[in-house]
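**Q** The structure under discussion is supplied below as structure tokens; questions concerning it will follow.
The values are calculated or read from the model by the stated rules, or taken from the named source; none is laboratory data. Since the structure is predicted, the reported quantities are computational estimates derived from the model, not experimental observations. Cβ atoms come from the backbone with ideal geometry, glycine included; neighbour counts cover every protein chain shown. Remember, those area values only see protein heavy atoms, side chains included, never the ligands or the DNA or RNA. Shrake-Rupley method; radii C 1.70, N 1.55, O 1.52, S 1.80 Å.
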Amino acid sequence: MKRIGILTSGGDCQGLNSTIRAVAKSLYHHYGADGIEIIGIIDGYRGLIYGESRKMKPDDFSGILTRGGTILGTSRQPFKLMRVIDENSVDKVAAMKENYKKLNLDCLVVLGGNGTQKTANLLSEEGLNVVSLPKTIDNDLWGTDKTFGFQSAVDIATNVIDCIHTTATSHGRVFIVEVMGHKVGWLTLYAGIAGGADIILIPEIPYDINKVIADIKARTASGKNFSILAVAEGAISKELAAMPKKKRKSKLAEMKYPSISYEIAEQIESATGQETRVTVPGHFQRGGSPDAYDRVLSTRFGTAAAQLIIEKKYGNMVALQNNKVVAIPLSKIAGKLKAVPVDSEVVESARQLGITFGD
């Protein structure tokens, strides 16, 4: 009998349960209910470290296609601390290997983002059979065109911008919608375009606040009494971007505002005299049911992962490339960030519409 462990690690997002479902149902379909045991690892890598798991039943995977969050629970276990002995004197890597063997697993299935994939690769290098799936609303995993969770988050962020339009036009205000994304701007870029934002600020394109202000003044002069900015939480000014990394971190740590959006809002209002407000949808973007696109993508990823297990092609992450689901060695993607190319077709399309990036 095959024994497969499965865990979800890092931040939750839409599509985790639909992906888990696809992996499990595919394996049950191939091996039969009596030929496969699926072990749910509780709360991500923490569960694997401390031996917290439960045997799943076929019924556990019914009715979860549309359910948000993760039925297995999750936690953040930073990759940089994986080889650091913790306060309980636990060697985390050794503990994960030991519990993998105690559970008599044939393979460990891992669903997660960048840090999760790095740890998955580490375990693969340590001799464990691992298959992984790309999860993150940030869409910043190297090697895959899309991650599950991304499109659902785009839909939510877009809806926020859509709703802001009515109050912005009614009151003649400037509105900043702060979208999730510390290191990359995929979510802000897509939601900004879909929501009709006038200005989009993302980490990959450092902004000049004077240019942002000039763009807003130009809109006002042309008869537009409102402006909407989609701002990534990791957006950065040209001034900060030019600083050495250590000094930049120090400056950000000293910032008196809750986030960069509030600083930008104050600068805009001071320079234009136009009332400026900030809306932060925050974790709304990671919650709720996956949209139809993510349900299909999750299903494709999950069935592909099951096939890798059946064929014993371990050490791979499933990915989407040119609308085809493929397998990529973990060693080739672990630790690599997929940022928005500043000259990408999507950015250029936005510019051709008249959307500005503050540069």
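**Q** Work out the charge dipole of the chain with +1 on the Cβ of Lys and Arg and -1 on the Cβ of Asp and Glu about the Cα centre, then indicate which of Ala292, Ala197, Ser89 is farthest towards its positive end.
**A** Ser89
**Q** Please give, to one decimal in nm, the separation of the simple spin-label points placed at Arg277 and Lys217, each 7 Å out from Cα toward the Cβ.
**A** 2.5
**Q** Between Val325 and Asp162, what length in nm is gained on full extension when 0.36 nm per residue of separation is reduced by their alpha carbon distance?
**A** Value of the extension gain: 55.4 nm.
**Q** With runs of 4+ DSSP H residues as the only contributors, calculate the mean residue ellipticity of the chain at 222 nm using -39,500 (n - 2.57) per run, divided by the residue total and rounded to the nearest 500. Before the final figure, lay out each step's value.
**A** Numbers: 13 runs with 147 residues, N = 359.
-12500 deg cm²/dmol, from helical runs alone.
**Q** Within the set Lys80/Lys246; Lys97/Lys146; Lys183/Lys249; Lys57/Lys92, which residue pairs have Cα atoms separated by over 24 Å? Before the final figure, lay out each step's value.
**A** Values: Lys80/Lys246 18 Å; Lys97/Lys146 30 Å; Lys183/Lys249 13 Å; Lys57/Lys92 28 Å.
Beyond 24 Å: Lys97/Lys146; Lys57/Lys92.
**Q** Still on this structure, please answer the following. With each label point set 7 Å from Cα along the Cα-Cβ vector, what nm distance links Asp34 and Lys251?
**A** 6.9
**Q** While we're looking at this one, here's another question. Calculate the length of the line joining the C-alpha centroid of the range 112-145 to that of the range 334-359, in whole Å.
**A** 25
**Q** With an 8 Å Cα cut-off and a minimum separation of 6 or more residues, compute the relative contact order for the range 187-246 in percent.
**A** Values: 66 pairs, mean separation 27.2, N = 60.
RCO, the range 187-246: 45 percent.
**Q** Top to bottom by accessible area (1.4 Å), largest first, where do His182, His165 land?
**A** Values: His182 130, His165 45 Å².
Ranked list, largest accessible area first: His182, His165.
**Q** While we're looking at this one, here's another question. Which one of Gly234, Asn316, Tyr262 has its Cα pushed farthest toward the positive end of the charge dipole of the range 230-359, where Lys and Arg give +1 and Asp and Glu give -1 at the Cβ?
**A** Checking the options against the dipole of the range 230-359, the answer is Asn316.
**Q** Still on this structure: Just reorder Thr166, Thr136 by solvent-accessible area, largest first, 1.4 Å probe, all chains present. Spell out each step's value before the answer.
**A** Working: Thr166 90, Thr136 15 Å².
Greatest to least solvent exposure: Thr166, Thr136.
**Q** Ranked from the most accessible area to the least, with a 1.4 Å probe and all protein chains present, what is the order of Met255, Met180, Met1?
**A** Values: Met255 55, Met180 25, Met1 130 Å².
Ranked from most to least accessible, the order is Met1, Met255, Met180.
**Q** Further, regarding this structure: Over the chain, what is the relative contact order in whole percent, taking alpha-carbon pairs under 8 Å and six or more residues apart?
**A** Computed over the chain, the figure is 24 percent.
**Q** Select from the chain the helices, each a whole stretch of DSSP H, whose alpha-carbon atoms run 20 Å or more along the helix axis and whose Kyte-Doolittle mean is at least 0.0; answer none if there are none.
**A** Numbers: long enough: 16-31 (23 Å, -0.21); 150-171 (32 Å, 0.35); 292-310 (27 Å, 0.57).
Length and hydropathy pass: 150-171, 292-310.
**Q** Using Cα-Cα distances under 8 Å and only pairs 6 or more residues apart, what relative contact order does the range 274-359 have, in percent?
**A** Details: 31 pairs, mean separation 12.5, N = 86.
This gives 15 percent for the range 274-359.
**Q** Let me ask something else about it. Write out the trypsin sites (Lys or Arg not before Pro) in the range 298-336 meeting two conditions: DSSP loop, and at most 10 other Cβ atoms within 10 Å of their Cβ. Show your work: numbers first, answer last.
**A** Details: sites: Arg300, Lys312, Lys313, Lys324, Lys332, Lys336; in loops: Lys312, Lys313, Lys336.
Passing sites in the range 298-336 are Lys312.
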